[in-house]
Amino acid sequence: MTARLLAVADSDSYVKWAAATVDRLAGAFDGRLVVVRSHLTPGTDQLGHAVAGTTSVAHAVPVLALPGLLDLVRRTRPDVLLVAATGPIAQVVIRAVRRLSPRSVVVTGLPGMSVPATELALRYRQGADAFVVHSQRERREFAALAEQIGTPVHLLVHRLPFLVTPGGSEPVHDPRPVSRVVFAPQAKFPEAAEERRAVLLALGRLAAARPALDVVVKLRALAGQEQTHREEHPYDLLRDEVVDAPGVGAVRFLTGPMRDVLVPGTALVTVSSTAVLEAVDLGLPALVLADFGVGDHNLTTAYRGSGLLGTLDDLAAARFAHASHAWLADNYFHTAPDELVGVLDALRAARVPRRPTGAPVGGNRRIAREVVRTSLPQPAVRRIGRQVRRAMAWRGAVTRAVSSGAAALGVAPDPQLVHVMQDERPHQGPHARIEDPS
């Protein structure tokens, strides 16, 4: 009987990784993808884009509240549970499924490039039986960090599942001249609006100098749509501010699957998007912008030594490159066999004991907040949040008032008085403002 795998994702980037991983493991596991409801749940179009090119596109991917997810796990008893979710949601799901019996082997990981390794990435996912990384370099960095902070973790290397180059070989360079340039934005980098406008201006300079080129900004989401990270300055809004600059009006803005625009004859430009790996995988030239610094602050550390770093002036002049052989071997295009299937089979056969989870990141209050977020519809979550904030404001105001009065009298505040007054909060209407009693 084929082993069963249930992949649980929350945001667009994690859905993409989970769907592709389910397909990559199809020979060893009967896989299924579900989305756990949260404030990051992709919209219908985003969900479709994330699963494009996978077998999940043929099925309606269910969006489940946490109780529904746990019920599904109880009923179907998957052999393996892939928790492909942002840290806070992964923490809740891992801790919740650990209480079920019989238990699944729990594997987790991150959906793209994960250099630098971070403490939160490990701590949020404590308790999983295995943690997937995607390169030899990532394994070294996460192993060193785990030892440093004393967090036990079973790391395994598995190539990013949406890369198509066969393991043990390097991508074959596309011989066609560049006829399209695609910029892959990120929600977080660069941070400043002025830096983002500079990117648009450089794309405009390129379009103006080479009108035969198709210059494209491939958006992950339109302004206002949810994605894994919140975007403060969406490019589609910033365009309106610089549309009169040379060439900017000729730059096209598109949404949809990245693979749809990475056709032969394309060059890919980014700050540090994983999309550059998809371009390299297809043999396309690329450019990683170094104008905003190269380091951990914007996740460009991994590109040192790649041969892909360049500037906005390089972009405007259409100067692109291919990654070096040494960099490919250590970063995402390793020649060693992938380890995920073998490790999962060994863990299932060994019936390993549950791994310790340690104290939850953010404490039990954070766990409770995420449980609410994953269990209730978002309008209800927002209403509860407003009520909690009003209650906390009242409690804080009472504490400040009693403390101020006690200080004026030169005595210690009476804890019992604080407790009684907090419980005597006056009735407030839904839009009432809480006044500070002091």
Hey, with R₀ at 45 Å, roughly what FRET efficiency would ALA193 and ALA28 work out to, going by the Cβ-Cβ distance, to 0.05? 0.45
Find the eigenvalues of the gyration tensor of the Cα atoms of region 261-352, then list the square roots of 5 times those eigenvalues as equivalent ellipsoid semi-axes, largest first, in whole angstrom. 32, 15, 11
Quick one: Karplus J couplings for region 172-189, per residue in order, coefficients 6.51, -1.76, 1.60, θ = phi - 60°, nearest Hz, x for Gly and Pro? 8, 5, 6, x, 6, x, 6, 10, 9, 10, 10, 9, 9, x, 10, 5, 9, 10
What does the charge add up to near LEU287, with Lys and Arg as +1, Asp and Glu as -1, over the other residues with Cβ less than 9 Å from its Cβ? 0
Express in % the proportion of alpha carbon pairs of region 129-201 at distances exceeding 15 Å. 74 percent
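By the scheme Lys and Arg +1, Asp and Glu -1, what is the net charge of all other residues having a beta-carbon under 13 Å from that of VAL361?
Local charge sum for VAL361: +4.
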Where labels lie 7 Å past Cα in the beta-carbon direction, separation of THR357 and ALA65 in nm: 2.0 nm
HN-Hα J couplings of region 303-316 from phi, Karplus 6.51/-1.76/1.60, θ = phi - 60°, integer Hz, Gly and Pro as x? 8, 4, x, 7, x, 9, 6, x, 10, 5, 5, 4, 4, 4
What residues have an amide H closer than 5 Å to that of VAL217, excluding those fewer than 5 places away on the same chain, when H is modeled at 1.01 Å from N in the peptide plane? PHE183, ARG252, PHE253, LEU254
Compute the label zone of ARG77 within region 351-371: residues whose backbone N is under 19 Å from the point 7 Å along Cα-to-Cβ. 351-354
Taking only the alpha carbons of region 193-334, what extent do you get along each of the three principal axes, in Å, biggest first? 43, 34, 29
For a label point 7 Å along the Cα-to-beta-carbon line of ALA250, residues of region 189-222 with backbone N under 17 Å: 200-217
Using +1 at the Cβ of each Lys and Arg and -1 at the Cβ of each Asp and Glu in region 180-330, identify which of THR274, HIS233, ALA209 lies farthest towards the dipole's positive end. ALA209
Binned at 5 Å from zero, the C-alpha pair distances of region 112-244 give percents of 2, 8, 13, 13, 12, 14, 15, 11, 6, 4, 1, 0
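For a footprinting-style exposure proxy, rank THR151, THR21, THR270 by other Cβ within 10 Å, fewest first.
So the ranking, lowest neighbour count to highest, is THR151, THR270, THR21.
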Apply 1/(1 + (r/R0)^6) to the Cβ-Cβ distance of HIS173 and ARG259, taking R0 = 22 Å, and write down the FRET efficiency to the nearest 0.05. 0.75
Let me know the charge dipole size of region 41-130 about its Cα centre in debye, to the nearest 20, where only the beta-carbon of Lys, Arg (+1) and Asp, Glu (-1) is charged. 420 debye
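Each reported figure results from applying straightforward, stated rules to the coordinates on display, with no laboratory input. Because the structure is a prediction, the values reported are computed rather than measured. Reconstructed Cβ throughout: ideal geometry from the backbone, glycine too, with neighbour counts over all protein chains shown.
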